[in-house]
Amino acid sequence: MRQFNQMYVNGAFVTPHGKATVDLVNPTNNEVIGKVTLADETDMRQAIAAAKKAFTSFSQTTKEVRMGYLQRLHDSVSKRVGDLVQATVLEYGAPRDRAQGSNALAANTFLHFKETLRKTDLTEVVGTSLVLLEPVGVVGIFTPWNSSAGSIAIKVAPAIAAGCTVVIKPSEMSAMQTQVLMESFHEAGLPPGVINFVNGLGEVVGTELTNSPDVAKIAFTGSTQIGKLVAKSALDTMKRLTLELGGKSANIILDDADFAKAIPMAVNACYLNNGQACIAGSRLFVPENRLDEVKQLVKAAVAKVKVGDPNDSDVTMGPLVSQKQYQRVQSYIRSGIEEGAEVVIGGEGHPEGLERGNFVKPTVFSNVKPEMKIAREEIFGPVLSILTYKTEADAIRMANDSEFGLYAYVSSSNPERANCMARQLQAGRVLINTLNHDPLTPFGGYKQSGIGREGGVYGLKGFLEPKAIILE
C-alpha cells in the first residue's frame, strides 16, 4: 500500500502538519490501494505565505521568461504522461484511451498558453491612455477527481503566463495523480513558492484558502453546489472568480441529420469518462416522429459499449469513482423508473460479473418529460434521457429550459440550419456534428454552469487585472 504523505510548498516536498488520513480506493474492486495524509489549516497558511512571498518577484518577470517556464512545465509533464495515465486508470477507473488523451492534453496545455502569451499584448493604448494587464496576485486553485491533471493544467498554465503564483488544492481522491504532478512541476524548476500543492479536505484547507485575504483569485472546478459556497466565501475579500461548474447538456438531433452517425455520437457524448463529465450530453432531443428509429439505434450503440476493468484495452466504460457515486447514480435510475420513464436499455444494479466494483449498467431512458428529475439534475453517470420535440422552436425552448448552460450539441446535414440553432442555445460551447475539443477557444458556462472562461486568451485574461494610466 502506498503512502501519500507529502505536500509541495516553497519549492520543496514537506511533511504536513495535519495528521488525519483517508484511504485511497480502487473503484474497480473497492480495494484500498493507498493512504493519504491530509493537510490542515496550518499547512495551507504556510503555502499561501510562500506564494505571497514569491509573487513579489515572479510578477515582475518578462513574457519571455514565463514562456520559458511554460515550455519547461510542458516538457516535464510530458515525460510523465505514462505515469499519469496509470494513476488515472487506477484511482478513478478511467478507460485507458480516455486517460491517455486527457493527460496528453494536460501536458500540451502549457504549450497552448505559451503561444497565447506570445500573441497577447499586455500593454495597450486605449483612447489616449495606457492600459496595462497585470497579474492578479496569488491564485487559489480547486480541482476535481474526474479530470485532475487537465483541471490543474488549465488553471496553472494561464496563472504562470500572467505572472501569478498559485496554491493548488487537488482532490484527495487523486493523490497518485497529484504526486506525479508535484514531481513534474518540481523538475520544471520554477522559483520556490510559485507553485504549491496542499492535499486536504475542502472544509478544512479549502475554507482556509477561500477565506485568506492574501489570495486574490479563486479558480474552481467542481459541482455547482460547492461552487456557490466558494463564491459566497470569496466575496468577503472580493476575490476574482473563475468557476467551472456543473452541466446538463442538451444534444439536439435535427431531422435532416445522418441518424446512423448522430445517435452513436450522442451516446458517446453522454458516456464519456464513464458519464462522469460536466460536459456530458445527457439530454437527447429527437424528432417525435423518429423516436422508434432512435430507440433502435440507441440500443445498438449501447450494446457495443464494453464495461469492465479499465486496464483492458477494449473496455470503453470503467467503474464510477466511489461507492457513494454508484449509489447516487442508482438513485437517479430508480427515480426515472418511478416517474414513469421507459428503460430502453440498462437499468438498476451492476452489470453481470462486475459486482465487486462500482460498475453501472449504461442506461437510456425514453418517454422522458422535461420536469422529471433525470431530465433536470446532473447525474454524473452513464444515464441518457431521450426527449422528443415537434418543432425546432420546441427543441430550443426545452434545451434552454435548464439552470445549466455549459455545453450543447447539434447534429444536422445543413450547416446554415445548425449554426442558426447554435446561436439560439444558451451554452458556453456548442458542438456541431462533432465531439472535438478546441483548446484555444473559451471553455465555461452560462447560468449556473459557472462564471468566467478557461482556455486561450479568454482564460489568460481571467488572471490579469487591467490598470489604466491616464496621461496629461
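The values are calculated or read from the model by the stated rules, or taken from the named source; none is laboratory data. Every value quoted in this text rests on a predicted model; they were computed, and no experiment measured them. Cβ: placed from backbone, ideal geometry, glycine included. Neighbour counts: every protein chain shown.
Below are the figures for this structure:
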{"read-out": "Helices (runs of 4 or more DSSP H) within region 247-351 that include 1 or more residues over 27 Å from Asp394 (Cβ atoms), in contact with a Ser or Thr (Cβ under 9 Å, 6 or more places away or on another chain) and not hydroxyl-bearing (Ser, Thr, Tyr)", "value": "323-338"}
{"read-out": "Per-region count, region 6-43, residues under 24 Å from the mean Cα position of the chain (by Cα), outside any loop (DSSP other than H, G, I, E, B) and hydrophobic (A, V, I, L, M, F, W, C)", "value": "5"}
{"read-out": "Of the criteria (1) closer than 25 Å to Phe359 by Cβ; (2) more than 14 Å from the chain's Cα centre (by Cα); (3) in contact (Cβ under 8 Å) with a residue 24 or more places away in the chain, which one Arg98 fails", "value": "(2)"}
{"read-out": "Filtered residues of region 435-453 (kept if polar (S, T, N, Q) and touching a residue at least 12 places away in the same chain (Cβ under 8 Å))", "value": "Thr441, Gln448, Ser449"}
{"read-out": "Those residues of region 259-277 which are hydrophobic (A, V, I, L, M, F, W, C) and without any contact (Cβ under 8 Å) to a residue 60 or more places away in the chain, in sequence order", "value": "Phe259, Ala260, Ile263"}
{"read-out": "Residue that is in contact with a Lys or Arg (Cβ under 8 Å, 6 or more places away or on another chain) and of a type in the set (D, E, K, R), where the choices are Glu203, Glu208, Glu244, Glu172", "value": "Glu208"}
{"read-out": "Test: residue in region 115-131 that is under 21 Å from the mean Cα position of the chain (by Cα) and hydrophobic (A, V, I, L, M, F, W, C)", "value": "no"}
{"read-out": "Failed item in (1) more than 23 Å from the chain's Cα centre (by Cα); (2) assigned by TED's automatic domain parsing to the domain that holds Asn419, with Asp236 passing the rest", "value": "(2)"}
{"read-out": "Check on Gly163, buried (at least 24 other Cβ atoms within 10 Å of the Cβ), touching a residue at least 60 places away in the same chain (Cβ under 8 Å) and under 16 Å from Gly462 (Cα atoms)", "value": "yes"}
{"read-out": "Ser412 being more than 19 Å from the chain's Cα centre (by Cα), on the phi < 0 side of the Ramachandran plot and among the small types (Gly, Ala, Ser)", "value": "yes"}
{"read-out": "Hits in region 191-202 (condition: surrounded by fewer than 23 Cβ atoms within 10 Å (Cβ to Cβ) and over 20 Å from the mean Cα position of the chain (by Cα))", "value": "Pro191, Pro192"}
